[in-house]
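Worksheet: the structure to be examined is printed underneath.
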Amino acid sequence: MLQVNNLDFTYPHLNETILKDISFTVKEGSLCGLFGPNGCGKSTLFKCCLNLLKIKKGEIRMDNHNIKNLKIKDMAKVVAYVPQEHKPPFPYLVKEVVLMGRTPHLKGFFGTGKKDIQKTEEALELLEISHLSKKTYNQLSGGQRQMVLMARAIAQETKIMFLDEPTSALDFSNQLKIWKIMKKITDRGVTILACSHDPNHVSWFCDKVVVVNNKSIVNQGSPEDVITQATLDFIYEDMCDVKKINNTRVIFPSDLKCFEKNLADESFMKLAN
Ligand SMILES: Nc1ncnc2c1ncn2[C@@H]1O[C@H](COP(=O)(O)OP(=O)(O)OP(=O)(O)O)[C@@H](O)[C@H]1O
């Protein structure tokens, strides 16, 4: 479980508050989307939760530990982090990058064991990227690197995962694959907090959504209660419409008139069914 209580944050060299009175909980084994416009503070919140930035006020608890009391090595046993972009300076192979996820589990100078290799291979298989295993990580495409970082986080076998826009560089099929994998992982009891800019994805796949805008949480709860016309009008200023097709919520641009027309069209509804 992840618990953030009354968090305030300001970058030390700035006077401006970036996050104000942030409080939310993500239940064990659930998938929570962190949703909000560019620059609202999602990545900053992640870095606060990972102890990479020191908070001014408030408390963050993960798996019942107050994170300010956790050493880096202990932190790495509790939480895995998939950043937006990562390029190591050395030409590591993909399998080596994924194996790095096992670092918190390595035992002294005995180094890598059979279990670590097995967990690395399982993570590559789960993401269907075993064929990239012997390729040089730095020479992969952005989307391929994103899949490898996801495999590294899975190999780390933590109870909590933080994913910063995990599908931003992926094609449509891989985006859906990653969301489905995230759901599968939460079914095994892992708690996930994932940033996303896509209101459809958080609606379709998340158990809970936390919406941040202008330094604060403006709404939180089930996607049904949170990704509403009112919330989207508030943060995007009347740019999109929320409709239901076949009981599934779909968000689309308000000025996409052909879609409006099609929605009213009986043959389109048959197609959607
Ligand atoms: N190292 C830093 N020093 C000073 N200000 C920063 C720093 N990093 C981010 N900021 C500022 O903090 C605010 C929040 O940035 P952050 O990267 O957390 O937003 P975000 O919601 O993740 O944005 P995006 O969706 O575009 O990735 C922005 O105004 C940004 O300019």
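Results, tabulated for the structure shown:
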{"item": "Subset of the range 39-48 that is within 6 Å of the ligand (Cβ to nearest atom) and without any contact (Cβ under 8 Å) to a residue 60 or more places away in the chain - its residue that is nearest to M62 (Cα to Cα)", "result": "T44"}
{"item": "Failed criterion for S23 (all others in (1) open to solvent by 20 Å² or more (accessible area, probe 1.4 Å); (2) more than 16 Å from the ligand (Cβ to nearest atom); (3) without any contact (Cβ under 8 Å) to a residue 60 or more places away in the chain hold)", "result": "(3)"}
{"item": "Strands (runs of 3 or more DSSP E) (entirely within the range 6-77) containing at least 2 residues that are in contact with a Phe, Trp or Tyr (Cβ under 8 Å, 6 or more places away or on another chain) and within 24 Å of I178 (Cβ to Cβ)", "result": "31-35"}
{"item": "Qualifying residue in the range 76-93 (condition: surrounded by 13 or more Cβ atoms within 10 Å (Cβ to Cβ), modelled with pLDDT of 85 or more, over 18 Å from the mean Cα position of the chain (by Cα) and closer than 14 Å to V148 by Cβ)", "result": "yes"}
{"item": "Matching entry among T167, T136, T186 (being in contact (Cβ under 8 Å) with a residue 12 or more places away in the chain, within 23 Å of V79 (Cα to Cα) and away from the ligand (no atom under 16 Å from the Cβ))", "result": "T186"}
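The values are calculated or read from the model by the stated rules, or taken from the named source; none is laboratory data. Just so you know, these numbers come straight off a predicted model, no measurement behind them. Neighbour counts are summed over all protein chains in view; Cβ atoms, including those assigned to glycine, are modelled from backbone coordinates with ideal geometry. The protein model used for the area step is the full one, side chains on, heavy atoms only, and it has no ligands, DNA or RNA in it. Shrake-Rupley method; radii C 1.70, N 1.55, O 1.52, S 1.80 Å.
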